[in-house]
Amino acid sequence: MRTEGIRKAALGLIIVLTTSLSFSRPLSAQHAIANLPRLTAGGESPISFMRPHYLLVMPQATKTTTTSTPPITAFTPAQIRHAYGFDLVSNQGAGQVIGIVDAYDDPKAEADLGVFDAQFGLPACTSANGCFRKVYGNGRVPAANPNWAVEIALDVEWAHAVAPKATILLVEAPSNSLSDLINGAVVAVRNGASVVSMSWTAGEWSGETSQDKNFVSNGVTYLAASGDAGTGVAYPAVSPDVIGVGGTSLTLSANGAYQGETAWNGSGGGISVYEREPVFQAQFGIANDPRGYRGVPDVSYDANPGTGYAIYDSVGVSGYAGWFQVGGTSAGTPQWAGLIAISNSLRVAARKANLSSTDTTLYTLAKTAINSDFHAVTSGTNGACGTVCTAGAGYDYVTGLGTPQAATIVAALVAQK
């Protein structure tokens, strides 16, 4: 178990200069930090990927490039399930389909998920038992890409960790262009997804509102990472019908209990230039928005790579393969998707429809029960822009409404008409 005062992020963390992306330009997976096995008493050496470029910090000389055990600093499924209260919810998402939309092919995704499940005692999730499916955005196997394989491993393994009985539907887009990835979300819904997780971003552009229609579907909840470069607004997280997921740094007590969170300085967030403020935010009364534009993120989750997650990726990157420690807002996005899948499973059992307009529902709940449904994140910043870059009580532009208290927020989502 982690102890109080979790270790700081690994040495040498790179801040990568990012640029705005237009609709036609390629995207990259959200920030994935892989802390390689300890090489010296000083700690791990990181590998960093960010959009649209990535830089590598190579580890010191070592006798092996295979990491055979999870990093001791990485969170495990049992720790996260306990920290956020998923272990208080008996339902595990049965009957629901979580769509994971990523670019390029990870040929080892299913096999790596099997290693992850065996390591942490999770139910097997395979094509043979119907738990895992892979489809291709244009009907053909895309080219393999090791950087996106890290992202795919993170998304698939941790969606399954939170909702072990939900079907994981991996949709692989043929490229990392925004058009191909948005089409991947459409393909996910066409193949039965009731929740769609999107761990990728583009910078805002003047024509983005024309694409918002792709994220409106009855009985489907869309979620997207808010970005990992600090203050700034990303698409599709800013789309009005998408739940934008920001980032925090999670601390557990010596016995593994939830102790608190602060805003992660990499959490994307801010006020949109093009998307008007949705009714749910206007009625909630988000602060510091005199012009009436959409604020992101909506919610948040642990994302600091220094308080990151164990994943297994045998494809490997930069000559290393096996177990890694990974962070970024793309880590929280599939886990929030798992929470929605659990809520939908319970709703179906109660003869209710799957959630629609879930963003609206979350803000409605927060108006009367924000302190019981969410963990408040009231300290930390993601930039130097004053109030808009600073976490605080209620809604803020760094962590949104906060992180989930799973048992209570799931019950509240199930209780909605």
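Some observations on this one:
- Each semi-axis of the equivalent ellipsoid for segment 222-285 is √(5λ) with λ an eigenvalue of the Cα gyration tensor; in descending order they amount to 27, 14, 10 Å.
- Once the chain from residue 133 to residue 372 is taken as fully extended at 0.36 nm per residue, the excess over their C-alpha distance is 82.5 nm.
- Summing charges over neighbours of residue 238, with a neighbour being any other residue whose Cβ is under 9 Å away from its Cβ, gives -2 when K and R count +1 and D and E count -1.
- Descending by average beta-carbon neighbour count within 10 Å, the peptides 231-237, 263-269 line up as 263-269, 231-237, the highest first.
- Full-stretch length increase - residue 259, residue 88 - with 0.36 nm per residue and alpha-carbon distance subtracted: 59.9 nm
- Maximal additional length on extending the residue 279-residue 384 stretch stands at 34.9 nm, based on 0.36 nm per residue less the C-alpha distance.
- Eigen-decomposition of the gyration tensor built on the alpha-carbon atoms of segment 162-257 gives equivalent ellipsoid semi-axes of 25, 20, 12 angstrom, largest listed first.
- Segment 155-260 - share of DSSP beta bridges that are antiparallel (%, nearest 5): 35
- Value of relative contact order over segment 331-417, rounded to a whole percent, pairs C-alpha under 8 Å and six or more apart: 30
- Alpha-carbon gyration tensor eigenvalues x 5, square-rooted, for segment 155-207, Å: 23, 13, 10
Every number here is computed from the coordinates shown, using simple stated rules; none is lab data. Please read all numbers here as calculations on a predicted model, not as lab measurements. As a convention, Cβ positions derive from the backbone with ideal geometry for all residues, glycine included, and neighbour counts pool all protein chains shown.
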